[in-house]
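Chemist: Attaching a single structure in structure tokens format; questions to follow.
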Amino acid sequence: MTSGAAQERRPDPDTRALNASFDERPDEYDDLRAAGHMARRRVEYFTGVLDEVPGTVLEVGCGTGTLLRELAARRPDRTFVGVEPLPNYVDFARRRAEEAGLANVRFEVGTGETLGQVVPAGSAGLVVSVDALHHVTDLDRVVAEVRAVSAPTARWRAMEPNRVHPYVWAYHVLTPGERTFAVRDFLRRAGDAGWRLVGSTTLFLYPSGVRRVPAWAEQLERRLEGLRPVAGAVVLDLAVEGVSGARGR
Ligand SMILES: C[S@@+](CC[C@H](N)C(=O)[O-])C[C@H]1O[C@@H](n2cnc3c(N)ncnc32)[C@H](O)[C@@H]1O
């Protein structure tokens with residue numbers, strides 16, 4: 001932790017336990033999200049999405065900004081906005097972005113339910129959410145707010161824990177502050193807000209704690225991760241109702 005950490009805002013008591021046991025430990029959480037095989041593949045996946053979908057990139061529930069900072073460094077031609085309710089995470093993300101000299105990413109304190117307070121209406125071309133939707137309080141409001149801040153041609157790529165996987169299910173049921181993510185329920189609510197599913201995939205064979213895997217193991221992962229019961233994450237590709245969209249991977 002750097003000396004700037006001393007000035008970091010503490011989580012508001014009302015917003016505590018938004019990120020299970022990590023609310024007060026942004027540096028540890030950032031290390032966890034940045035390191036390892038899954039983190040590398042997550043960045044690779046979303047780098048590919050950037051190539052497919054133009055416009056300003058908005059991440060809902062961006063945590064300490066790990067993914068957005070990496071994407072912003074790779075794509076200086078794009079603009080990135082991260083929204084996160086924990087003010088100490090936002091402070092951390094801003095400081096790290098500044099240290100890295102990233103002028104194309106900004107981080108705002110806010111929730112998915114109140115996105116319109118910090119993101120202009122119709123401004124996002126690509127919305128990204130990673131392991132955030134199973135934490136939100138009011139999913140109906142979130143899907144409506146994401147729609148309101150998105151352009152008519154926008155896409156929303158949502159990556160969430162795959163509760164069909166027994167280990168993922170057990171972890172999210174047994175860990176205090178965690179919940180499982182119900183795909184069908186989410187899609188029904190998103191549909192009511194004007195989103196429609198245009199593609200979906202499942203990813204990852206190895207848990208996030210695995211630092212690196214040999215090449216043969218990664219090959220195996222890429223072959224098997226499409227089988228839903230063994231995959232760690234489910235990824236949904238959503239488009240605005242009434243706008244034609246290619247099928248996502
Ligand atoms: C598991 S973390 C994932 C963080 C980040 N997306 C990542 O991949 O590193 C879930 C995040 O969702 C945030 N969160 C919780 N409730 C939220 C809400 N209502 N709106 C937006 N984000 C929320 C938490 O504070 C936390 O940072």
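Each reported figure results from applying straightforward, stated rules to the coordinates on display, with no laboratory input. Keep in mind the model is a prediction, meaning the values are calculated, not measured. Positions of Cβ are backbone-derived with ideal geometry, glycine not excepted, and every protein chain shown enters the neighbour counts.
Chemist: Regarding segment 166-183, can at least one residue be identified that is touching a Lys or Arg at 6+ places or on another chain (Cβ under 9 Å), among the hydroxyl-bearing types (Ser, Thr, Tyr) and in a loop (DSSP other than H, G, I, E, B)?
Modeler: yes
Chemist: Out of (1) of a type outside the set (Phe, Trp, Tyr); (2) buried (at least 20 other Cβ atoms within 10 Å of the Cβ); (3) in a loop (DSSP other than H, G, I, E, B), the odd one out for Arg155 is which?
Modeler: Tallying (1) of a type outside the set (Phe, Trp, Tyr); (2) buried (at least 20 other Cβ atoms within 10 Å of the Cβ); (3) in a loop (DSSP other than H, G, I, E, B), Arg155 fails exactly one: (3).
Chemist: Does Val183 qualify as being closer than 25 Å to Gly55 by Cα and under 17 Å from the mean Cα position of the chain (by Cα)?
Modeler: no
Chemist: While we're on this one: Surrounded by fewer than 16 Cβ atoms within 10 Å (Cβ to Cβ), without any contact (Cβ under 8 Å) to a residue 40 or more places away in the chain, closer than 18 Å to Ala239 by Cα and more than 8 Å from the ligand (Cβ to nearest atom), is that true of Asp31?
Modeler: Judged against the criteria, Asp31 is not a match.
Chemist: Moving to a separate point now. All but one of (1) within 12 Å of the ligand (Cβ to nearest atom); (2) assigned to a helix (DSSP H, G or I); (3) free of Cβ contacts under 8 Å to residues at least 40 places away in the same chain; (4) of a type in the set (A, V, I, L, M) hold for Val143; state the number of the condition that does not hold.
Modeler: Here Val143 clears every test but (3).
Chemist: Just need a number here: residues in segment 145-170 that are under 17 Å from the mean Cα position of the chain (by Cα) and closer than 26 Å to Asp51 by Cα.
Modeler: Final tally of qualifying residues: 14.
Chemist: Assuming Val173 fulfils every condition listed in (1) within 16 Å of the ligand (Cβ to nearest atom); (2) closer than 19 Å to Thr114 by Cβ; (3) over 15 Å from the mean Cα position of the chain (by Cα) apart from one, which condition is it?
Modeler: Evaluating Val173 over (1) within 16 Å of the ligand (Cβ to nearest atom); (2) closer than 19 Å to Thr114 by Cβ; (3) over 15 Å from the mean Cα position of the chain (by Cα) leaves (2) as the failure.
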